[in-house]
Amino acid sequence: MRILVPPHITAIVPYPPGKPMDELEREYGISNAIKLASNENPWGPSPRAVRAIEEMLCNLHRYPDGSSYYLTEALAHWTGARPEEIVLGNGSNEVIEFLVKTFVSNGDQVITSHPSFLMYQKFVQVRGGENVVIPLRDMAHDLEAIRAAVNDRTRLIFIDNPNNPTGTLIAREAFHRFLTGLPQSVVVVLDEAYVDYVNPAERIDILDYLRHADTLPAVVALRTFSKAFGLAGLRVGFGLMHRDIASLLHRVRQPFNINLPAQAGALAALEDSEHYEHTLRATEEQRRWLQQAVTELGCEPYPSHTNFFLIDVHGDAARLYEAMLYKGVIVRAMQAYGYPRFLRVTVGTDAENHRFVAALKDCLQELGYGRS
């Protein structure tokens with residue numbers, strides 16, 4: 001073919017998803033694999049959400065509500081935001097795409113950290129923007145370096161809070177000091193995909209910043225149904241933002257971007273507070289158990305505010321990752337993120353976690369890793 005493709009498109013490297021369980025079983029000739037690599041909710045969706053989705057299937061010949069009215073109203077009640085301050089997306093990554101489409105043109109700059117969610121930078125590349133990437137400092141966002149990198153071409157700053165893959169959290173006071181040093185022309189995007197797992201007393205008060213957009217730079221918060229609500233397969237996310245920014249994003253949003261089952265499932269999930277609270281309690285309990293278990297094996301778990309955490313294995317984590325695949329356990333090696341001695345593990349069910357620990361123990365012994 002003699003097609004002409006802009007260089008900023010050919011330079012994009014596709015996003016690397018976690019290895020699927022069925023692919024692992026085919027490649028390695030094993031069965032009953034477990035996946036603790038993609039920070040999914042191991043307890044699954046609310047039964048009420050499943051029933052709502054099933055009931056909606058008979059209406060698949062109809063287009064969904066393009067405004068997602070009932071889900072938006074429910075989210076307003078859940079978050080305390082106003083309906084006009086909410087924008088829904090096909091996963092929160094679509095809201096990221098809306099933001100980049102709205103604010104970034106060729107040559108504009110967007111600041112992100114490394115490591116963090118790779119899709120921030122990819123959407124900027126698609127628009128022909130320039131990525132300014134600031135390394136984490138002590139596994140946390142370097143807010144001083146981010147602020148120092150801002151110039152008159154800076155349009156957006158993406159900060160995942162808690163950070164993925166480190167699980168670190170920005171303190172409220174530190175975030176406020178950071179904002180006060182920025183020009184009001186910059187939009188600061190807080191990706192709060194894991195905020196449900198954070199102690200409410202430690203969360204940044206997003207609504208307060210929405211109400212004071214006239215004195216501080218605009219803040220947009222991104223949230224998702226993929227984690228604590230267990231609806232990763234439906235792809236439902238949303239952003240909280242000043243209504244003027246929301247109005248702009250609706251101009252670039254495709255109609256019907258939230259399908260019928262997704263609207264029904266997400267709405268029912270919001271109504272099932274018992275399942276939601278069980279997920280949070282079980283995650284906290286299992287994370288504490290897992291961190292203690294890996295410590296006893298001679299590894300060092302890193303503190304986390306999420307449903308995953310990093311483990312320093314005191315050796316080549318890529319080799320350990322491969323060894324664990326042969327035992328049917330999928331985790332995530334962190335060498336691509338700049339942490340060659342670390343694995344990232346998602347908190348699973350009790351049975352999954354015990355199997356992970358058993359496999360980790362065997363593989364550490366085989367490779368001679370860990371610290372006694």
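Figures for the structure shown
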read-out	value
Residues within segment 65-75 that are farther than 26 Å from Val189 by Cβ and either at pLDDT 95 or above or under 24 Å from the mean Cα position of the chain (by Cα) (or both), tallied	1
Checklist (1) of a type in the set (D, E, K, R); (2) in contact with a Ser or Thr (Cβ under 9 Å, 6 or more places away or on another chain); (3) surrounded by fewer than 19 Cβ atoms within 10 Å (Cβ to Cβ); (4) in contact (Cβ under 8 Å) with a residue 12 or more places away in the chain applied to Asp160, failing item	(3)
Filtered residue count, segment 170-204, keeping only those that are part of a loop (DSSP other than H, G, I, E, B) and within 21 Å of Phe229 (Cα to Cα)	7
Segment 78-98: number of residues that are over 29 Å from Gln121 (Cβ atoms) and either buried (at least 23 other Cβ atoms within 10 Å of the Cβ) or without any contact (Cβ under 8 Å) to a residue 60 or more places away in the chain (or both)	1
First in segment 219-236 and within 15 Å of Tyr194 (Cβ to Cβ), second anywhere and small (Gly, Ala, Ser) and assigned to a strand (DSSP E or B), Cβ under 6 Å, 6 or more apart	Leu222/Gly239; Thr224/Gly237
Some residue of segment 219-229 being modelled with pLDDT under 95 and either surrounded by 17 or more Cβ atoms within 10 Å (Cβ to Cβ) or over 18 Å from Phe117 (Cβ atoms) (or both)	no
Within segment 247-269, tally of residues that are among the aliphatic types (A, V, I, L, M), surrounded by 19 or more Cβ atoms within 10 Å (Cβ to Cβ) and within 15 Å of Tyr69 (Cα to Cα)	6
Segment 329-372 - residue that is in contact with a Leu (Cβ under 7 Å, 6 or more places away or on another chain), small (Gly, Ala, Ser) and in a loop (DSSP other than H, G, I, E, B) and, of those, farthest from Asn39 (Cα to Cα)	Gly370
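Let's see how each residue does on (1) farther than 25 Å from Gly107 by Cα; (2) within 16 Å of the chain's Cα centre (by Cα); (3) not aromatic (Phe, Trp, Tyr):
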site	(1), (2), (3)
Asn161	yes, yes, yes
Pro165	yes, yes, yes
Leu169	yes, yes, yes
Arg172	yes, no, yes
Gly181	no, no, yes
Asn199	yes, no, yes
Ala213	yes, no, yes
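The values are calculated or read from the model by the stated rules, or taken from the named source; none is laboratory data. Keep in mind that this is a model prediction, so the values were computed, not measured. Cβ atoms come from the backbone with ideal geometry, glycine included; neighbour counts cover every protein chain shown.
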